[in-house]
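J.: Below you will find the structure I want to go over with you.
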Amino acid sequence: MASASFRLDGKVAVVTGSGSGLGRTFALGLADAGATVVVTELPGLLGRAEVVVGEIAAQMDRQAAIALPLDVTSLASIHELVRTTVERLGQMDVLVNNAGIQIAKPALDVTEEDWDRVLGVDLKGVFFCAQAVGRHMVERRQGKIINVASIMGLIGYRERAPYCSAKAGVVNLTRELAIEWAPYGVNVNAIAPTFIRTPLTEPTLSRPEMYDDIMYRMPIKRLGLPEDLVGGVIYLASPASDLVTGHTLVIDGGWTAM
Ligand SMILES: NC(=O)c1ccc[n+]([C@@H]2O[C@H](COP(=O)([O-])OP(=O)(O)OC[C@H]3O[C@@H](n4cnc5c(N)ncnc54)[C@H](O)[C@@H]3O)[C@@H](O)[C@H]2O)c1
């Protein structure tokens, strides 16, 4: 074969927190690449996931997505998601560990509750979703896990102490899981995006001094768009990346090259 395959036909992809922002775009992209996508969202916000399922249905001529509730901070919720997905779709081939939150404040003001909330979603949630889905993948001897880290897992940025800590944890957790599960045909990689305009980053980007600082640090003088990340996610989900594991793909307009 002269070219690698980026297609995901016949694959089932679970995307956590995909009722908005980047997760929504990943769900649309994975469906476009051929996957059947499980669009998950917090139970109280499930309507958002149903909207995304509707968007996918409008673009495809097949039943390409379902919506299911998931709170990544609850092991019971994670296990219910895995059980229902396997019951309804038979398998899980791809997990995009996307759900994340951020609390931006100076380190001296961070409370124990702030720390636990951010680490609970952004690191503990990533691990236990990977563990639950990874168990199924290890049994089937195949799977692709893509953790959504951040450039803030590789470099520091002010007012982000819990977030930088969690994302750095995700980068190294990615390496650890890659080593453990490589013998079972399960690849574990991450992406590390720069600032992308989503509901998560809007409060930061709407502050002119923050926007100017971000532009100063971006050799490519524009913000990222959710669509800028989709190719990387599809690559890491597809057979084209079969030899890639434990890697963090930086998609940052050159920020960390400076
Ligand atoms: N937007 C950026 O600039 C940027 C940059 C680097 C990394 N990231 C990462 O990308 C991911 C998506 O961020 P986004 O910008 O789309 O943010 P977003 O706020 O638009 O989306 C986050 C999603 O996660 C969901 N979520 C929150 N807590 C959850 C929980 N406990 N269980 C399940 N779902 C939960 C939210 O409901 C939402 O749908 C996050 O992990 C974020 O850290 C974002």
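J.: Can you give the net charge of the other residues whose Cβ lies under 13 Å from the Cβ of G19, counting K and R as +1 and D and E as -1?
T.: Once positives and negatives cancel, what remains is -2.
J.: Within the chain, how many Lys pairs that are eight or more residues apart, or on different chains, come under 25 Å at the alpha-carbon?
T.: The number of close lysine pairs in the chain is 7.
J.: Have a look at the DSSP beta bridges in the chain and tell me what percent are antiparallel, nearest 5.
T.: In the chain, DSSP labels about 0 percent of beta bridges as antiparallel.
J.: Could you please tell me the mean projected area of the C-alpha convex hull for the stretch 89-163, averaged over all directions and given in square nanometres to one decimal?
T.: Averaged projected area of the stretch 89-163's Cα convex hull equals 5.7 nm².
J.: Before anything else, pin down the relative contact order of the stretch 105-258: Cα pairs under 8 Å, at least 6 apart, normalised by residue count, whole percent.
T.: 27
J.: A follow-up question, please. Which of these, V14, V82, V110, has the largest mean-square fluctuation under a Gaussian network model of the chain (Cα springs below 10 Å)?
T.: Residue with maximal mean-square fluctuation among V14, V82, V110: V110.
J.: Related question: By count of other Cβ within 10 Å, fewest leading, how are V86, V186, V94, V171 ordered?
T.: In order of increasing Cβ crowding within 10 Å: V86, V171, V186, V94.
J.: Moving to a separate point now. If you take the square roots of the eigenvalues of the alpha-carbon gyration tensor of the chain and sort them as a ≥ b ≥ c, do you get rounded (a/c under 1.5), prolate (a/b over b/c) or oblate?
T.: It comes out rounded by the Cα gyration axes.
J.: Moving to a separate point now. Over 22 Å, how big is the tail of the calculated P(r) for the stretch 139-217, in percent of all Cα pairs?
T.: Of all Cα-Cα distances in the stretch 139-217, 37 percent exceed 22 Å.
J.: So what's the back-of-envelope 222 nm ellipticity for the chain, counting only DSSP H runs of four-plus at -39500 (n - 2.57) apiece and dividing by all residues, rounded to 500?
T.: Result for the chain, helices only: -13500 deg cm²/dmol.
J.: Let me ask another. With everything on Cα atoms, drop me the angle between helix 21-32 and the longest principal axis of the chain, reported from 0 to 90° to the nearest 10.
T.: Around 30 degrees separate the two axes.
J.: Normalising by the residue count of the stretch 1-117, find the relative contact order in percent from Cα pairs under 8 Å and 6+ residues apart.
T.: Across the stretch 1-117, relative contact order equals 27 percent.
J.: Show log10 I(q)/I(0) for the stretch 36-103 at q = 0.23, 0.27, 0.28 Å⁻¹, two decimals, from a solvent-free Debye sum over equal Cα scatterers.
T.: -1.10, -1.35, -1.40
J.: Could you put T174, T84, T201 in order, starting from the residue whose Cβ has the fewest other Cβ atoms within 10 Å?
T.: Listed from fewest to most nearby Cβ atoms, that is T84, T201, T174.
J.: Still on this structure: Sort F128, F195 by Cβ crowding within 10 Å, fewest neighbours at the top.
T.: Lowest count first: F128, F195.
A short reminder: the numbers here are calculations on the coordinates, not readings from a lab. Since we're looking at a predicted model, the values are computed, not measured. Note that we place each Cβ from the backbone using ideal geometry, even for glycine, and neighbour counts take in every protein chain shown.
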